[in-house]
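First up is the structure itself, then whatever we jot down about it.
Every number here is computed from the coordinates shown, using simple stated rules; none is lab data. None of the values given here were measured: they were computed from a predicted structure. Note that we place each Cβ from the backbone using ideal geometry, even for glycine, and neighbour counts take in every protein chain shown.
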Amino acid sequence: MDMSKEKRVVLAVHGGAGIIMRSQLTPDMEEQFRSAIRDALSVGYDTLKQKHVAVDAVEAAIRCLEDCPHFNAGKGSVFGNDGKIKMDASIMVCTSDSKQTSCSSRQSLDEDDATPQNNKQLRYHHRTTSTPKSLAGAVAGVQNIKNPITLARAVMEQTQHVLLIGKGAEEFAKQSGTIETRSDEYFYTHHRWEQLMKIRKKEEEMKLRQQQQKQHPNEDRLLTTLTQLDHASDTDEAILDHDERKFGTVGCVALYDGRAARNSLQQLAAGTSTGGVTNKRFDRVGDSAIIGAGNYANHLCAISCTGHGEEFIRAVAAHDIAKRLELKYGYGSATNEGKWNALEYAVEEVVFGTLEKGSGGVIALDRDGHFSAQMNTSGMYHGWVYEDGKMETRIFVDE
């Protein structure tokens with residue numbers, strides 16, 4: 001492929017992956033989702049152009065999606081078994097200099113000056129290179145936070161930590177003085193409450209059925225928890241009808257490339273935000289708050305995931321994709337031009353090879369503006385914007 005003719009993507013978003021069928025979406029519903037995706041793309045793109053910072057664009061786009069009740073994040077989050085809404089989010093960013101060269105052994109330690117004391121250091125520099133370091137922040141199980149992605153960014157920038165949870169994260173939000181909070185009423189949506197009621201009813205029916213079938217008191221334990229992803233798997237399809245499982249986790253990836261402005265600064269950022277799964281118990285946390293599982297960014301790429309969180313955590317999916325790129329591109333800061341399909345291959349290897357079929361999807365963007373969106377489900381709400389501002393949206397796997 002002629003790289004000079006390829007259109008570069010600078011920002012992309014997703015709103016969840018799962019069972020999303022054309023037969024179950026009316027034209028009006030479909031347009032609502034595409035419009036919401038375009039709104040987030042517009043906000044992110046405008047921020048990127050105005051501030052020239054990828055992490056600002058990621059936060060802005062995800063805030064837009066968190067404020068939209070159509071998605072399982074922020075205002076549209078689902079209810080847990082206790083009737084409460086607890087949210088997770090993470091953000092990660094890597095800033096690098098495109099002129100930076102890999103550290104060579106002679107630059108750091110001249111072989112002619114080697115002594116027995118520094119031979120180990122010399123060998124180390126022979127076989128390794130220096131890479132820009134990423135920053136990350138995350139929160140889990142937070143309540144009443146209007147935009148969890150902003151709180152995750154505050155953790156990244158205002159503390160020495162990466163992940164804060166529950167009451168501690170909420171206390172940090174109060175002390176920061178910049179994090180907006182909302183009452184329980186702000187987060188309440190009728191269809192989300194109905195989701196919880198339906199799954200509770202289903203859970204009770206399953207427990208009763210097991211009790212009736214039980215012959216001995218010490219037989220297998222009764223089913224204690226039945227959770228529901230927004231985009232249910234085929235085996236869960238009977239639990240909720242399509243209208244009540246059509247929303248999902250949100251995420252964004254963005255690239256700022258200063259070469260167009262004649263500077264060498266580059267920045268890649270990724271963020272993910274979610275309300276988790278309906279009827280979750282025991283303060284369950286999915287992949288959206290776990291750096292390397294549902295979210296990752298380094299000097300080569302930015303990745304945001306959506307789907308069955310446990311599968312992404314077990315696979316460390318986002319980090320796996322990034323490491324496959326490092327193996328193919330090399331560990332230095334050199335451009336990826338000429339290897340345009342490496343991102344696509346890395347994403348496909350994880351989504352269709354490592355992850356369980358039907359577990360979700362991924363959006364990924366590399367430092368040269370190559371973009372990949374892959375899912376092993378029937379659909380994923382997502383879209384992207386090119387550097388000239390043109391946008392595209394997709395929902396169904398065959399688009």
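Taking neighbour counts of Cβ atoms within 10 Å as a proxy for exposure, in what order, fewest first, do M375, M29 appear? All intermediate terms of the calculation are to be shown ahead of the outcome.
Values: M375 27, M29 14.
In order of increasing Cβ crowding within 10 Å: M29, M375.
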Margin query: Can you give me the long-range amide H partners of R394? Hydrogens built in the peptide plane at 1.01 Å from N, cutoff under 5 Å, separation of 5 or more residues or another chain.
Written below: H382, G383
Check: For F187, F282, what ranking results if the residue with the fewest other Cβ atoms within 10 Å of its Cβ goes first?
Finding: F282, F187
Check: Which order, highest average first, do 17-28, 269-280, 354-365 follow once you tally other Cβ atoms within 10 Å for each residue and take the mean per peptide?
Finding: 269-280, 354-365, 17-28
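Calculate the dipole size of region 1-71 relative to its Cα centre from +1 charges on Lys and Arg beta carbons and -1 charges on Asp and Glu beta carbons; express the result in debye to the nearest 20.
On the way: 9 positive and 11 negative charges, 56 e Å.
Roughly 280 debye, rounded to the nearest 20.
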Checklist line | Fewest-first ranking of K390, K146, using other Cβ atoms within 10 Å as the exposure measure | finding: K390, K146
Margin query: Strictly greater than 21 Å: what percent of every Cα pair in region 1-94 meets that?
Written below: 47 percent
